[in-house]
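Read the figures in this text as sums done on the coordinates, not as results from a lab. A quick note: this is a predicted structure, and the numbers were derived from the prediction, not measured. Cβ atoms come from the backbone with ideal geometry, glycine included; neighbour counts cover every protein chain shown.
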Amino acid sequence: MNEKSHLSSQFDDELGRLRSHVLQMGGLVETQISAAIDAYSKGEVASVKHIVETDRKVNDLEIAIDDDCAHLIAKRQPAASDLRLVFGISKIVTDLERAGDEAKKIAKGVRRIYEAGQMPSQYGIGIRHIAEAALVMLRQALDAFARLDAALAVKVIQADVDVDTEFKSIMRQLITHMMEDPRTITTSIDIIWIARAVERIGDHAKNVAEHVVFIVEGRDIRHLPKENKESKE
Amino acid sequence: MSNHETPVLKAEARGLNFYYGEAQALKNINMPIYDKKVTALIGPSGCGKSTYLRSFNRMHDLYPGNRYEGEIRFFPDNTNLLGSDVDPIEVRMRVGMVFQKPNPFPKTIFENVAYGLRVRGENNKRVLEDKVEHALKSAAIWEEVKNRLQDQAPNLSGGQQQRLCIARALATDPELLLFDEPTSALDPIATGAIEELVHELKKRVTILIVTHNMQQAARVSDYTAYMFLGEMIEFGKTDQIFIKPQDKRTEDYITGRMG
């Protein structure tokens, strides 16, 4: 990318602000997800309310950043790397907001399970593991954005396969459980929803990473076969 | 947006150098101009884009001390436009030019457009009337002037004058039209009309346009060339140049990081 500054220092400021707002939003989403996972594994139902409320902040940031993008396009008509950055950011915030929604879904799922008097801890290890992986993906995708590091973004994209595989194995485990003891069905389905939300977080992290590759290299690698996603620079 | 047809060459600069006396203004330019496409030349002031544009209709011949090296091949006949055996008048019949400021002759609207045809020796009134009407229609100004063809051209508005100049250039059925910042003296509405016209014209004629307005280059052209200090830095599809230029210098220029 381009480190040289614009003739218009205001334009530089605006782009800089936009980037830091995205990182701020990303940080908030990360916190939401780890709080939701903690709520799950430690049974902290009290934090569910906080997570659900904080989701509104994530939504507000999405709207504010999109609005800034629209203003910047109208005022500055960005081109080349600037255009890719603004366009990419507008897409990244959509994925971040949806990842935030998934955190909220996890939190609500946790509340349902505990309110039904169940303890999900017997499946805790599998979920905890896949959630850690998804969280690392998101963190690295945001790092890749902050440093405009396409190679790291490609690593994130590749990691999504592992999360998907693990999700499938959790599904199989839970199906076995349900068949063995139908009384676990309600809880198992709630846990499946949670696992599904975690898996979706991985997908959103992957999308963010794909947008980063577009921002840095100008290549749109969405929907490409895996071998074509390698960084070319 | 993308079209996959293979473009046909209309002209090609090969190893083109140009000197204003001792000063070299163009340095080894190699660049294709594709048939019935719009090619935009962008670059900071003094980069040689107007010099390059003017080479196509031998405008530099008018001043002593100017010197070309290399060639500009013109197709399909593969003529070297810069060849010493090629008559500049003939070149200008095939390569029309529209300038930055509208420059109608101090004559009637009709005579402005008929001028090139008369120079060519056309005196048949019917033919002249037909060709003038056709040119004015092609330049999207017919409806505005059809009832006052005998009015003085300089009385038209700036935007109309510029379209009249385009009609004048079109009257001789050129194969290539050169535009040297055709809208820099016009308001946004008149600019929009010219840009729309460029889009219409490329169905029939190849267009090479110099513009300082980068957004205009992005809007009207199929190909864009970035020039800097007399060199062709980058040539490519306009979509490519404005989304992912290959050269850092192009990137710096179009993102406003020059200086």
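Give, in nm to one decimal, the length gained when the segment between B:LEU9 and B:GLU196 is fully stretched (0.36 nm per residue of separation minus the Cα-Cα distance). Intermediate results must be reported in sequence, preceding the final value.
Working: separation 187, 0.36 × 187 = 67.32 nm, distance 2.37 nm.
Computed gain between B:LEU9 and B:GLU196 is 64.9 nm.
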(message) Excluding same-chain pairs closer than 8 in sequence, count the lysine pairs in segment B:1-123 whose Cα atoms lie under 25 Å apart.
(response) 11
(request) Compute the Rg/Rh shape ratio of segment A:61-132: radius of gyration over Kirkwood radius, all on alpha-carbon atoms. (result) 1.27
(request) Any chance you could get the radius of gyration and Dmax over the Cα atoms of segment A:1-113, in Å? (result) 17.1, 57
(request) Could you pull the Cα extents of segment A:132-177 along its three principal axes, largest to smallest, in whole Å? (result) 44, 14, 8
(message) Quick one: the Cα spread of the protein assembly as shown along its three principal axes, in angstroms, biggest first?
(response) 101, 49, 43
(message) Per-residue Cβ counts within 10 Å, from other chains only, averaged over A:79-87: what number is that?
(response) 5
(request) Excluding B:HIS199 itself, calculate the net charge of residues whose Cβ lies under 13 Å from the Cβ of B:HIS199, where each Lys or Arg counts +1 and each Asp or Glu counts -1. (result) +2
(message) Multiplying the sequence separation of B:GLU133 and B:LYS203 by 0.36 nm and subtracting their Cα-Cα distance, what value in nm do you get?
(response) 23.3 nm
(message) Please list, in order, the residues from segment A:4-42 whose amide nitrogen is less than 15 Å from a point placed 7 Å along the Cα→Cβ vector of A:HIS71.
(response) A:10-22
(request) Set the Förster distance to 51 Å, then compute FRET efficiency between B:ASP173 and A:SER9 from the Cβ-Cβ distance, nearest 0.05. (result) 0.50
(request) Give me the net charge of A:GLU44's neighbourhood, meaning all other residues with Cβ under 12 Å from the Cβ of A:GLU44; Lys, Arg count +1, Asp, Glu -1. (result) +2
(request) Can you pull the one-decimal nm distance between simple spin-label points at A:THR165 and B:ASP239, each 7 Å off the Cα toward Cβ? (result) 3.7 nm
(request) Sort B:THR224, B:THR238 so the one with the fewest other Cβ atoms within 10 Å of its own Cβ comes first. (result) B:THR238, B:THR224
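Where does chain B land at 222 nm, in deg cm²/dmol rounded to the nearest 500, when only DSSP H runs of n ≥ 4 count, each adding -39500 (n - 2.57), divided by all residues?
Working: 10 runs with 90 residues, N = 259.
One gets -10000 deg cm²/dmol as the mean residue ellipticity at 222 nm.
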(request) Below 29 Å Cα-Cα, how many Lys pairs turn up in segment A:1-157? Only count pairs eight or more apart in sequence, or on different chains, if you could. (result) 24
(message) Give me the net charge for the shell around A:LEU18: Cβ to Cβ below 15 angstrom, other residues only, Lys and Arg +1, Asp and Glu -1.
(response) -2
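Roughly how compact is segment A:53-208, stated as its Cα Rg over 2.2 N^0.38 Å to two decimals?
Against the compact-globule rule of thumb, the ratio is 1.23.
Compute the projected area of the convex hull of the Cα atoms of segment B:1-95, averaged over all viewing directions, and report it in nm² to one decimal place. Please report the intermediate quantities before stating the final value.
Working: hull surface 28.3 nm².
The directionally averaged projection comes out at 7.1 nm².
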(message) Can you compute the modelled spin-label distance between B:LYS248 and A:ARG128, with each label point 7 Å from Cα toward Cβ, in nm?
(response) 4.9 nm
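Quote the Stokes-Einstein diffusion coefficient, in whole µm² s⁻¹, for chain B, based on the Kirkwood radius over alpha carbon pairs, a temperature of 10 °C and a viscosity of 1.306 mPa s.
Working: Rh = 18.9 Å.
In µm²/s, the coefficient is 84.
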(message) Residues of segment B:214-257 with backbone nitrogen within less than 20 Å of a virtual label 7 Å along the Cα-to-Cβ line of A:ARG19, please, listed as ranges.
(response) B:243-257
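Enter the per residue convex hull volume of segment B:139-253, computed from alpha-carbon coordinates, in Å³ rounded to the nearest integer. Could the numbers behind the result be given before it?
Details: hull volume 13.9 nm³, N = 115.
Dividing the Cα hull volume of segment B:139-253 by its residue count gives 121 Å³.
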